[in-house]
Amino acid sequence: MKKPILILAFLFALFNAYAQDTVNDQSQELGSIATGQYLAYLTKQDASGKYLGGIREKPYFVYAKNAYRVRPTSRHKEVYLYDNPKYLEENADLERCPMYIPDNEAFPVTYVKNNYEGNTKLQSSIGFTPRSEAYMQESRAVFLDGKIYLIEDWKDQDNYALKMVLELQEGKLGGLKKIKMSMKSPKKMATEDPKAVLDAYLKNAFAKQKDVYAQWIKDPINKGIESNKKDISLLMAKTIKKMSDDYLKSAEFKRIQENNRLAEQRDNAGKVTIKNNTGQTIYIYEEGSRNGSAVRPNSSGSGNCKKALYYTFSSNSSVNGGGTKFYAGNESCGGTVSID
């Protein structure tokens, strides 16, 4: 009985090796992604794993696949993908626009939504380095067979949320046709099973990335590339911190701080703090106004200290609806009153 088991184990290992060997990295797969408008299929699943379907009302647009400024001569790209058809027109400063960039120099498995540290002047003198905040790693894209898989809440290859799959839209799409496509989308998603497709790709691609990178980094040139990337990141962070420290010590910053303090002081002088001790949410109204502001139990709000103030326990009430007057006006400007 052991022989068939060994044969199956060998065939399984052989299949995995073949799958890893044939898998493309993301910069290769990006070649099948055209610029243009993409229809967004929703990929939410219920507790049983059934796809609920649906098409996002707003499409996405792949605007450009530009040179990767971290290494402009490499095969990698910066992908500009948005759900606003006029985004780049309204944000001409491309250096500040978010984009998707590769997660690995040797064998990228995802493209990460990010942008570069520093301003144009620092970038031209120091170089380009992606922002390093943890939350910048959470939104990603994977390109497979001409489709774009949009990921949110990324932690690792086993912990992420697939939000939608984008497919290139050919021609105009009328409302009736879109409704029909949306109705058919649960069946389409069940047939294509994009989560399973993505899981399989990530498993094989990350395994291959580990092997490819291990060989890639042995080359002194590639080792130098990685070292230079770290140097740029450290220098950029150090420079930005120094500029920030210098600014915080400047007379200009101290003047701004003082102006802000005086403005806050003037603002507070025209307000009265209202402490809610009633145990219920109350709604504060200025005399003659129907627009109230909620103050939760055991918390505080504020009102115009120059006017009479009323409170009610209903958001549908108002001063004219019988609110209780608790402040006569011009009594405690800059002070506090309690409602018990």
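The values are calculated or read from the model by the stated rules, or taken from the named source; none is laboratory data. Here the structure is a predicted model, which is why all the values come from computation and not from measurement. Neighbour counts run over all protein chains shown; Cβ positions are idealised from the backbone, glycine included. The protein model used for the area step is the full one, side chains on, heavy atoms only, and it has no ligands, DNA or RNA in it. Shrake-Rupley method; radii C 1.70, N 1.55, O 1.52, S 1.80 Å.
The table for this structure:
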{"quantity": "Efficiency of FRET from Cβ geometry, Met243 and Cys97, R₀ 25 Å, rounded to 0.05", "calculated": "0.65"}
{"quantity": "Test item: Cα-centred dipole of the chain, Lys/Arg +1 and Asp/Glu -1 on Cβ, debye", "calculated": "340"}
{"quantity": "Mean projection area, nm², convex hull over Cα of the range 147-281", "calculated": "20.3"}
{"quantity": "Label-point separation in nm, Thr324 to Asn115, each point 7 Å along Cα→Cβ", "calculated": "5.0"}
{"quantity": "Contact order normalised by residue count of the range 148-247, Cα under 8 Å, 6+ apart, percent", "calculated": "17"}
{"quantity": "Rounded accessible area per residue of the range 77-155, 1.4 Å, Å²", "calculated": "44"}
{"quantity": "The range 71-124 - Rg and Dmax from Cα coordinates, angstrom", "calculated": "12.4, 34"}
{"quantity": "Spherically averaged projected area in nm², based on the convex hull that wraps the Cα atoms of the range 227-288", "calculated": "9.5"}
{"quantity": "Alpha-carbon gyration tensor eigenvalues x 5, square-rooted, for the range 35-111, Å", "calculated": "28, 19, 9"}
{"quantity": "Cut-off 14 Å between beta-carbons: net charge of the residues surrounding Glu226, Lys and Arg +1, Asp and Glu -1", "calculated": "+1"}
{"quantity": "Spread of Cα-to-Cα distances over 10 Å intervals beginning at zero, given as percent, for the range 269-340", "calculated": "24, 58, 18"}
{"quantity": "Contour minus Cα-Cα distance for Gln157 and Ala64 (0.36 nm per residue)", "calculated": "30.8 nm"}
{"quantity": "Cysteines without a disulfide-compatible partner [the chain; Cβ-Cβ under 4.7 Å]", "calculated": "Cys97"}
{"quantity": "Relative contact order (%) - criterion: Cα under 8 Å, at least six apart; region: the chain", "calculated": "13"}
{"quantity": "Cut-off under 5 Å, modelled amide H: who pairs with Ser314 long-range", "calculated": "Tyr283"}
{"quantity": "Value of Rg to Rh for the range 149-201 (Rh from inverse mean 1/r over Cα pairs, i.e. Kirkwood)", "calculated": "1.06"}
{"quantity": "The range 203-340, Cα convex hull volume normalised per residue, Å³", "calculated": "219"}
{"quantity": "Values of log10 I(q)/I(0), in the order q = 0.11 Å⁻¹, for the range 86-215 under a Debye, Cα-only, solvent-free model", "calculated": "-0.54"}
{"quantity": "The range 18-70: relative contact order in percent, alpha carbon pairs under 8 Å with at least 6 residues between", "calculated": "33"}
{"quantity": "222 nm mean residue ellipticity, helices alone, for the chain (DSSP H n ≥ 4; -39,500 (n - 2.57); rounded to 500)", "calculated": "-12000 deg cm²/dmol"}
{"quantity": "With Cα atoms, 0 to 90° folded angle of helix 251-269 axis to the chain main axis", "calculated": "50"}
{"quantity": "Highest-MSF residue in the chain out of Asn276, Asn104, Asn259 [GNM, Cα springs under 10 Å]", "calculated": "Asn276"}
